[in-house]
Amino acid sequence: MPEATSLPYKRVLLKISGEALMGDQGYGIDVPAVIKYAEEIKSGIALGVEICLVIGGGNIWRGKWGVDAGMERAQADHMGMLATVMNALVMQNALESIGVPTRVQSGISMMSIAEPFIRRRAIRHMEKGRVVIFAAGTGNPFFTTDTGAALRAAEMNCDAMLKGTQVDGVYTSDPKVDADAVRFDTLDYMEVLSKELKVMDATAISLLKENKIPIVVFRIRDKGGLANVLTGQGISTTIGGKKK
């Protein structure tokens, strides 16, 4: 096992899409899939890396769905935030079932089930080896969970934001439908924006660029994938920094 001091990243924010929690289902939460991700996170903690986490809500509800159906945007987005809280709680349960101490902090006050977001408390939790899951986005409508993740990564002074996806990096086009798609090894923030690559929204990219936080895109489903990224191995795309 590498020494913690030799690892490329000491503290990271891991962003997982809500769809990843569906496993092979078409909707909702597949508990075995969640436990698999929890085991990946545990392997990262075992390396000595401090980890915080943001999970999307697309397996349950997206604000866009409500808007498309005629709902008012703010109301629809608040429902999406509640979906992320549900995902945070199931991930907390999975992590603690395998011995990983975890705290959920919510951008929307719900004291019965989660701590309020308090930056210094969250940092202290991570320093003690606890995983902190940030739920309910920024607590405000009109922002994606990617933007919320970028904001928390900056607030937590993270060395990198890791985005676990269904593919092993960023491609010129969707590799699932285009056999000629080419994977990028590294990219600049502005290249992502100018090429309109579907990594995350422009607000999130700009926030990470401003705070000089690299983005590492990798396949979350690969066994050992997170540990490989944390030790500078494995296949991934690094945005805004040299590949570690």
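Taken together, the values in this text are just the output of simple stated rules run on the coordinates, not laboratory data. For clarity, every value in this text was computed on a predicted model and none was experimentally measured. All Cβ positions, glycine included, derive from the backbone under ideal geometry; neighbour counts span all protein chains shown.
Sorting the segments 171-181, 126-136 by their mean number of nearby beta carbons within 10 angstrom, highest to lowest, gives 126-136, 171-181.
In this calculation the C-beta distance from Gln25 to Leu193 is compared with R0 = 35 Å, giving a FRET efficiency of 0.55.
Computed over the chain, the Cα gyration tensor eigenvalues convert (square root of 5λ each) into semi-axes of 24, 23, 18 Å, ordered from largest to smallest.
Would you please classify the overall shape of region 111-244 from the alpha carbon gyration tensor, given that a ≥ b ≥ c denote the square roots of the eigenvalues, rounded means a/c under 1.5, and beyond that prolate means a/b larger than b/c while oblate covers the rest? Because a/c hits 1.5 or more and a/b exceeds b/c, region 111-244 counts as prolate. Computed over the Cα atoms of region 1-109, pair by distinct pair, the Kirkwood hydrodynamic radius stands at 15.1 angstrom. In this simple spin-label model, placing a label point 7 Å from the Cα along the Cα-to-Cβ direction at both Lys212 and Lys10 gives a separation of 1.5 nm.
Rounded to the nearest 500, the helix-only mean residue ellipticity at 222 nm of the chain stands at -11000 deg cm²/dmol, with each DSSP H run of n ≥ 4 adding -39,500 (n - 2.57).
When DSSP assigns beta bridges and you keep just the ones with both residues in the chain, what percent turn out antiparallel, to the nearest 5?
Around 10 percent of the beta bridges assigned by DSSP in the chain are antiparallel ones.
Note on Arg73 and Met110: with the Förster distance fixed at 22 Å, the Cβ-Cβ geometry gives a FRET efficiency of about 0.50.
Residues whose amide H falls under 5 Å from that of Ala136, counting only those 5 or more places apart or on a different chain, are Thr84, Val85, Gly107, with hydrogens built in the peptide plane.
Sites listed here are GluC sites (Glu not before Pro) in region 1-57 whose DSSP assignment is loop and whose Cβ has at most 10 other Cβ atoms within 10 Å: Glu3. Between the C-alpha center of region 68-89 and that of region 205-230 there is a gap of 25 Å.
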